[in-house]
Amino acid sequence: MDKTYQVLQIIGQGSGGVVYKALHTRLNKEVVIKQIKSAAKQCIADRTEVDLLKGLKHTYLPQVFDFIEENGEAYTVMDFIDGADVDKLVKSGRKFRQKEIIHYGMQLCEAVEYLHKQKRPIIHSDIKPANIMINSVGDICLIDFNVSLIFDGSAQVLGGTMGYAPPEQLGVPLSSIGKTGDKPAIRSTKMYVDERSDIYSIGATLYFMLTGVKPAKNYMVTPITSMGIPVSDGLLHVITKAMALQPSKRYKSVSEMLSALENIG
């Protein structure tokens, strides 16, 4: 590994690669070094895009320090966040109250709004509970820029997570939804996203926080109203609108979604 970083321990390992906790020796700061999925390696090919990601500074985003290459592998280096991710919290039995979901939903929208409002908008494209940390002071931090896209009108997606990525991100034709059983529809080769794709993922994440159920891979999502979960009409409307299968039926921008959350009684 780059001499700038002293690897302390492996803190995760999965299909995407190994995740290390390390020490940034020059800054004397703990960081996370995450192996970049092979499909996302092209994100470090353009150093201009790397510099854009390194220049991001927001309360609810980690500081991206660098993207490095070594022995044919690529890694992203960012802040180590002391806390637990939403996916693990829910699966361990944590029940989020509606007030908390609205609060964290607004923080998440603020972070994504910041990304979308960059001079060259950035689409995160992998918003999901496992990529949302709740830190030691009780705020969220949206991590993992491995598949982030610099957006120039239309962007071809580099990856996504079933259940949280919208149909257009995975190339799933709307006409096939409901006809494929438990298996996701066959993906087309034209996989394009825009800001509304992140909005779907935010909605799906709030759905999981409220219900404790991961949205179905085939997009046949169980309605919240059929689960017997107490929820206000306002929050129900926000989540349902954000998770509309057609992008045109979602919020036009994350700023609009943020405003809707702020105005829930």
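The values are calculated or read from the model by the stated rules, or taken from the named source; none is laboratory data. What you see is a predicted model, and the numbers here were worked out from it, not measured in a lab. Cβ coordinates were reconstructed from backbone atoms using ideal geometry, including for glycine residues, and neighbour counts include every protein chain displayed.
Out of all the residues in the range 201-208, is one or more β-branched (Val, Ile, Thr), assigned to a helix (DSSP H, G or I) and touching a Pro at 6+ places or on another chain (Cβ under 7 Å)?
Scanning the range 201-208, I find at least one residue that is β-branched (Val, Ile, Thr), assigned to a helix (DSSP H, G or I) and touching a Pro at 6+ places or on another chain (Cβ under 7 Å), so the answer is yes.
Of the residues Val137, Val112, only one is on the phi < 0 side of the Ramachandran plot, among the β-branched types (Val, Ile, Thr) and either under 14 Å from the mean Cα position of the chain (by Cα) or surrounded by 17 or more Cβ atoms within 10 Å (Cβ to Cβ) (or both); which?
Being on the phi < 0 side of the Ramachandran plot, among the β-branched types (Val, Ile, Thr) and either under 14 Å from the mean Cα position of the chain (by Cα) or surrounded by 17 or more Cβ atoms within 10 Å (Cβ to Cβ) (or both) holds for just one of Val137, Val112, which is Val112.
Restricting to the range 167-201, and then to whatever is modelled with pLDDT of 65 or more, in contact with a Phe, Trp or Tyr (Cβ under 9 Å, 6 or more places away or on another chain) and aliphatic (A, V, I, L, M), can you tell me which residue is farthest from Leu115 (Cα to Cα)?
So the residue we want is Ile177.
Report yes if Ser226 is surrounded by fewer than 19 Cβ atoms within 10 Å (Cβ to Cβ) and either under 14 Å from Ile102 (Cα atoms) or not β-branched (Val, Ile, Thr) (or both), otherwise no. Break it down into steps so the answer makes sense when it comes.
Numbers: surrounded by fewer than 19 Cβ atoms within 10 Å (Cβ to Cβ): yes; either under 14 Å from Ile102 (Cα atoms) or not β-branched (Val, Ile, Thr) (or both): yes.
Here the answer is yes, as Ser226 does meet what is asked.
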